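The values are calculated or read from the model by the stated rules, or taken from the named source; none is laboratory data. Please read these numbers as outputs of a predicted model, since none were measured by experiment. In this analysis, Cβ positions are derived from the backbone assuming ideal geometry, glycine residues included, and neighbour counts consider all displayed protein chains.
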Amino acid sequence: MKSKEEELLDGQDETPKENLSWTQALLATTAPLSQQISLSQVQQISPNALAYLGDAIYEVYVRMLYLLPLQRPETYHRLVVAQVRAETQALHLRSLTPHLRDTELEIVRRGRNAAIGRPKRLDPEIYQQATSLETLIGYLYLTDYQRLTELLEILHLNK
């Protein structure tokens with residue numbers, strides 16, 4: 001009789017039953033939550049609140065991305081922290097910028113301008129860029145889920 005871990009490992013090479021990309025499959029678990037807020041409501045949300053949401057969505061995405069293959073909790077933590085730290089998020093924003101639409105660039109600008117206060121260890125520009133990425137993720141999560149998955153796929157996070 002196989003353990004649960006062995007069963008999971010056996011099935012990890014299988015193609016998902018639905019024709020979803022890995023990014024879409026990772027975010028699919030939270031997609032219904034975003035459909036309950038209208039665009040006019042989203043436009044009333046502050047950039048800092050969008051960044052708060054975007055930070056959570058991005059971290060869940062990264063945690064799920066590294067979930068397989070099975071690893072020790074310390075390894076998961078190390079991998080996730082490397083991706084969600086401000087310096088890495090700033091790099092991700094810079095790599096996405098050429099792919100952003102005008103409305104998305106405006107959200108990024110609003111996020112950058114709303115980034116006040118920062119950890120002392122961080123350069124203010126890095127903190128602003130990280131907050132901008134989180135703001136964009138929060139905004140797209142609420143307004144254009146498909147576009148969010150497209151942009152996250154561009155990142156090609158290291159696995």
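What's the number of the only condition in (1) of a type outside the set (Lys, Arg); (2) touching a residue at least 24 places away in the same chain (Cβ under 8 Å); (3) under 30 Å from Leu70 (Cβ atoms) that Thr131 fails to meet? Only one criterion in (1) of a type outside the set (Lys, Arg); (2) touching a residue at least 24 places away in the same chain (Cβ under 8 Å); (3) under 30 Å from Leu70 (Cβ atoms) is unmet by Thr131, namely (3). Checked against the criterion of being exposed (fewer than 13 other Cβ atoms within 10 Å of the Cβ) and either of a type in the set (Gly, Ala, Ser) or more than 18 Å from Leu140 (Cβ to Cβ) (or both), segment 97-105 has no qualifying residue. Looking at this structure, is Val81 in a helix (DSSP H, G or I), at pLDDT below 95 and either of a type outside the set (Val, Ile, Thr) or within 12 Å of the chain's Cα centre (by Cα) (or both)? No, not satisfied.
Looking only at segment 113-120, decide whether some residue is part of a helix (DSSP H, G or I), touching a helix residue (DSSP H, G or I) at 6+ places or on another chain (Cβ under 7 Å) and at pLDDT 90 or above. No, segment 113-120 contains no residue that is part of a helix (DSSP H, G or I), touching a helix residue (DSSP H, G or I) at 6+ places or on another chain (Cβ under 7 Å) and at pLDDT 90 or above.
For segment 43-66, what are the residues that are farther than 18 Å from Val81 by Cα and buried (at least 16 other Cβ atoms within 10 Å of the Cβ)? Residues satisfying the conditions are Ile45, Pro47, Asn48, Leu50. Reported count of residues in segment 107-127, each being within 18 Å of Tyr52 (Cα to Cα) and surrounded by 13 or more Cβ atoms within 10 Å (Cβ to Cβ), is 12. Going through segment 51-78 one residue at a time, which ones are within 18 Å of Thr149 (Cβ to Cβ) and part of a loop (DSSP other than H, G, I, E, B)? Scanning segment 51-78 gives Tyr66, Leu67.
Among the candidates Ile107, Ile154, the residue that is in a helix (DSSP H, G or I) and modelled with pLDDT of 95 or more is uniquely Ile107. Restricting attention to segment 76-129, the residues that are small (Gly, Ala, Ser) and over 21 Å from Ser46 (Cα atoms) total 2. Annotation note: of Leu157, Leu93, Leu105, the sole residue that is farther than 20 Å from Glu59 by Cβ and not small (Gly, Ala, Ser) is Leu105.
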